[in-house]
């Protein structure tokens, strides 16, 4: 996987109107692998906390017996956080994370996040 | 988890770091290995060993960087199968403080530890008194060490 491939995967997400940034995050470490973010977004903090949340959600899904999570969406007053776990078996794998405006087209972002996950798989 | 400090100004930032980064063990010490605060340790001998080894690693990597004509390394992370070890230093009004943190990979991550380490560095910088720290003379070393360990383990 090359830096160009990572950029392409992020381009798929950031071209959606209302997306303020996208990142590839190492699910195990919570570190940023690649990012395209607008100013004012603390990439390292979002990466660390999203990876932590992802690990806890994965365990909750397992405990509930509903399998692995394929997409999650957290809506806040001033925006939304959307994440697609990119696979990776038992480990955290790569997460594809989008930060978006509150009125973004969620369905479209989800579609592009899933495409980006395929691109980096 | 027990968090105790020899230097009181380190206690709140350390407590916050332990809670937010979900780290298992933490030592705050001077570059010479003099312990300022600890969290999670249950035996004095473990604190002494960890402080000596952590200070030695910082000294070794600092010298390695100097030999390479580089600035000192910002942080060192060692990741095992179940635990990670994070070693770094920060500046305070009382001089450099070395931080050794051990975290479980199940409940924390390098990203979280780095994120909240930066917060702790800011908090410690703000909390540190501007007076110079007391120098420990060789003649007093054993008594000072004993008093510090008593404080760190609530004796």
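Site pair residue B:118 and residue B:57 shows an inter-label distance of 2.2 nm when each label is modelled 7 Å from Cα along Cα→Cβ.
For the protein assembly as shown, a Kirkwood hydrodynamic radius built from all Cα pairs, placed in the Stokes-Einstein relation at 4 °C and 1.567 mPa s, yields a translational diffusion coefficient of 63 µm²/s.
Between segment B:77-123 and segment A:19-91, the alpha-carbon centres lie 22 Å apart. Using the Cβ-Cβ distance between residue A:59 and residue B:140 with R0 set to 35 Å, the FRET efficiency from 1/(1 + (r/R0)^6) comes to roughly 0.10.
Calculated translational diffusion coefficient of chain A (4 °C, 1.567 mPa s; Stokes-Einstein with Kirkwood radius over alpha-carbon pairs) equals 92 µm²/s. For chain B, the 222 nm mean residue ellipticity estimated from helices alone, with every DSSP H stretch of n ≥ 4 adding -39500 (n - 2.57) and the total spread over all residues, rounds to -14000 deg cm²/dmol.
Across B:61, B:131, B:30, mean-square fluctuation computed from a Gaussian network of chain B (C-alpha pairs under 10 Å connected) peaks at B:131. By definition, a body whose alpha carbon gyration tensor gives a ≥ b ≥ c is rounded when a/c is under 1.5, and segment B:3-149 falls into this rounded group. When B:45, B:35, A:32, A:83 are sorted by how many other C-beta atoms sit within 10 angstrom of their C-beta, beginning with the fewest, the order is B:45, A:32, A:83, B:35.
Each residue, residue A:33 and residue A:66, gets one label point 7 Å from its Cα in the Cβ direction; the gap between the two is 2.5 nm.
Using the Cβ-Cβ distance between residue A:75 and residue A:11 with R0 set to 22 Å, the FRET efficiency works out to roughly 0.35. Listing A:14, A:2 from fewest to most neighbouring C-beta atoms within 10 Å gives A:2, A:14.
Every number in this text was worked out from the coordinates using simple rules, so none of it is lab data. No experiment lies behind these values; they were computed from the predicted model shown. So basically every Cβ, Gly included, is an ideal-geometry build from the backbone, and we count neighbours across all protein chains shown.
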